[in-house]
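The values are calculated or read from the model by the stated rules, or taken from the named source; none is laboratory data. Values in this document were obtained by computation on a predicted structure and should not be read as measured data. So basically every Cβ, Gly included, is an ideal-geometry build from the backbone, and we count neighbours across all protein chains shown. Just the protein is used for accessible areas: all its heavy atoms, side chains included, with ligands, DNA and RNA removed. Shrake-Rupley method; radii C 1.70, N 1.55, O 1.52, S 1.80 Å.
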Amino acid sequence: MTLAPERAHRSATEPLLAAPTPRAWLDEHLHAHLARHDGPDADSHRWVTYGELLDGGLARLHAEVHAREGGTTQMVAKWVVTWTAGRVADVVGFVLAAGGAGLLADTVGVGGDGLRWRQDPEGWADRLDVRGATLLVTPEHPWARLADVPVPPGQHRVELVADEAELVTRTVDALVRAVRPLVDAVRGLARVGARALWAEVADEVGMATLYQPQLPVRDDAVARLQAALQAPGAPWRVSPSVRTVSTSWGRAYLGQKGGCCLAYQRPDPDPVPDEEMTDALREYHARFPPERGTKRVCTTCSLRDPAGCAERQLWWLEKSLAT
């Protein structure tokens with residue numbers, strides 16, 4: 001297997017991944033994107049609604065994760081935002097980059113009330129239900145023919161916009177409206193600032209194409225994500241870097257977070273529980289042993305040096321291609 005090369009003859013408006021309708025695209029490509037996180041018995045995981053999260057669900061999740069993981073309440077607050085608001089941001093970023101369309105996250109239900117997350121027993125959300133969301137496309141997009149066609153409840157309406165700038169701006173505005181109540185609620189659970197929490201949302205938007213070697217690699221997808229991160233009025237003050245690079249096996253997406261999830265604040269010096277330690281993780285730790293006296297941070301953390309960040313991502317990508 002090799003990474004799909006960039007195909008210069010393709011139009012920048014042709015999606016990286018194709019499907020005849022938004023419903024077909026989300027059922028196939030978004031499903032596969034989210035399925036990467038599935039664990040055992042995933043189909044039995046519990047679905048929670050937007051209202052449930054705001055009506056005590058976020059507070060319960062924060063308390064449960066803090067009791068289980070230890071660390072600081074600020075660390076747990078960032079995790080809770082990533083697992084909820086960040087999952088929405090990841091989906092929006094993936095549809096934008098790989099589908100060439102804007103998903104209006106606040107149109108799933110009034111004020112975002114229709115959003116649902118599927119949580120595993122520990123609270124991690126591995127699925128997001130966005131049925132009925134409006135999709136924005138430019139006139140050159142293959143779905144433009146579906147614009148303004150009436151659809152039954154629960155189906156995806158397609159709306160035509162003038163250009164990419166309008167598409168990106170409206171998509172980011174809708175994302176912010178949809179997740180702001182979640183971010184604001186989590187702020188009340190720990191002494192953590194809005195800037196730190198919004199950084200987690202921005203990171204999920206910008207890094208939606210990472211660690212997926214099956215994705216075609218094109219610079220226009222990265223440009224669309226970069227435009228979203230720089231959208232007027234976006235509430236984040238820091239954002240991730242994302243780019244394409246050439247490797248010995250083809251082209252790849254690389255990125256580095258603008259924020260930090262604070263996982264190094266866990267009391268356990270090894271952030272991977274023994275029961276989750278795989279052969280690949282053992283190889284990774286052997287290749288990149290922790291340096292004495294340094295913080296144990298994630299592969300893409302903003303606290304890591306850029307060269308080391310890239311080297312670790314490329315190791316994982318090459319490993320995934322070999323298996």
Checking residue 57 against (1) open to solvent by less than 20 Å² (accessible area, probe 1.4 Å); (2) within 19 Å of the chain's Cα centre (by Cα): exactly one of these is not met. Which one?
(2)
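Under 30 Å from residue 75 (Cβ atoms), out of contact with any Phe, Trp or Tyr (no Cβ under 7 Å at 6 or more places or on another chain) and of a type in the set (S, T, N, Q), is that true of residue 239?
yes
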Which of the residues spanning region 1-26 are within 16 Å of residue 244 (Cβ to Cβ) and modelled with pLDDT under 50?
2, 3, 4, 5, 6, 7, 8, 10, 12
Qualifying residues in region 155-189 (those that are among the β-branched types (Val, Ile, Thr) and within 20 Å of the chain's Cα centre (by Cα)) - the one nearest to residue 49 (Cα to Cα):
179
Out of 281, 254, report the one residue that is within 23 Å of the chain's Cα centre (by Cα) and either hydroxyl-bearing (Ser, Thr, Tyr) or surrounded by 13 or more Cβ atoms within 10 Å (Cβ to Cβ) (or both).
254
Starting from residues that are in contact with a Gly (Cβ under 7 Å, 6 or more places away or on another chain) and buried (at least 23 other Cβ atoms within 10 Å of the Cβ), keep the ones in region 206-216 and report whichever is farthest from residue 101 (Cα to Cα).
207
For residue 233, the lone unmet condition from (1) part of a strand (DSSP E or B); (2) open to solvent by 20 Å² or more (accessible area, probe 1.4 Å) is (1)
Of all residues in region 97-115 being out of contact with any helix residue (DSSP H, G or I) (no Cβ under 6 Å at 6 or more places or on another chain) and modelled with pLDDT under 95, which is most open to solvent (accessible area, probe 1.4 Å)?
110
Give 262, 254 a once-over and let me know the one that is modelled with pLDDT of 90 or more and over 25 Å from residue 221 (Cβ atoms).
262
Answer yes if at least one residue in region 144-152 is closer than 22 Å to residue 87 by Cα and in contact (Cβ under 8 Å) with a residue 24 or more places away in the chain, and no otherwise.
no
Would region 75-82 turn up any residue that is crowded, with 21+ Cβ neighbours inside 10 Å and more than 24 Å from residue 268 (Cα to Cα)?
no
Among the candidates 184, 220, 203, single out the residue that is open to solvent by less than 10 Å² (accessible area, probe 1.4 Å) and charged (D, E, K, R).
203
